[in-house]
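Notes to accompany the following structure.
None of the figures in this text is laboratory data; all of them are computed from the coordinates on show. Everything numeric in this text was worked out from a predicted model, so none of it was measured. We place every Cβ from the backbone using ideal geometry, glycine too, and count neighbours over all the protein chains shown.
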Amino acid sequence: EKEKTLALIKPDGVSGNYTDGIKRMILESGFSILRETIVQLDEDKVANFYAEHSSRTFFSSLIKYMTSGPVLVMVLEKENAIADWRGLIGPTDARKAKITHPHSVRAMCGLDSEQNCIHGSDSSLSAQREMSFFFKEMSSGGGFDKD
Ligand code: CMP
């Protein structure tokens, strides 16, 4: 059963010219890229996207980071896409990723636990929510597959 998930290259990934390298890793790992858009997020959008982290101490810093430049958002598809994409990006803290997951995306382009260059949905509920957040036509499940 094919699955879709959201991938988001954060401002440091885009400005650091990691986009091509990340896309190569995505395609070599068997994902198809179904949608792709570049957006400049504002504070409200980031606060909404990361609403579950609103009480964390790093929230205001996260908003500053995520609005610092454009992000590249993609919808990826393959079997087991959600878990496999989380595996490919590696642990949240890029410093840890460089040690424990040297071939991960975050090991390649991340800096620390905040500036980790890439995002992946952590569950099918998050994937659905995050895909419809950026791609309105994907909001009512089903319609997308059949068009
Ligand atoms: P992401 O996987 O996109 O989900 C939430 C983001 O918050 C995370 O990547 C990091 O960019 C950021 N984040 C998570 N933990 C921390 C932390 N301890 N300090 C600062 N930023 C963090």
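Side notes on the structure shown:
- Cα gyration tensor shape for segment 57-103, rounded if a/c is under 1.5, else prolate or oblate: oblate
- When the helices of the chain are scored as -39500 (n - 2.57) per DSSP H run of n ≥ 4 and the total is divided over every residue, the value at 222 nm lands at -11500 deg cm²/dmol.
- Built amide H within the under 5 Å cut-off of ILE118, gap 5+: LYS10
- Whether the chain is rounded, prolate or oblate, judged on the alpha carbon gyration tensor where a/c under 1.5 counts as rounded: oblate
- Whether segment 32-113 is rounded, prolate or oblate, judged on the alpha carbon gyration tensor where a/c under 1.5 counts as rounded: oblate
- Applying the criteria of a DSSP loop state and at most 15 other Cβ atoms within 10 Å to the GluC sites (Glu not before Pro) of segment 1-86 yields GLU1.
- Relative contact order, percent, the chain [alpha-carbon distance under 8 Å, six or more residues apart]: 33
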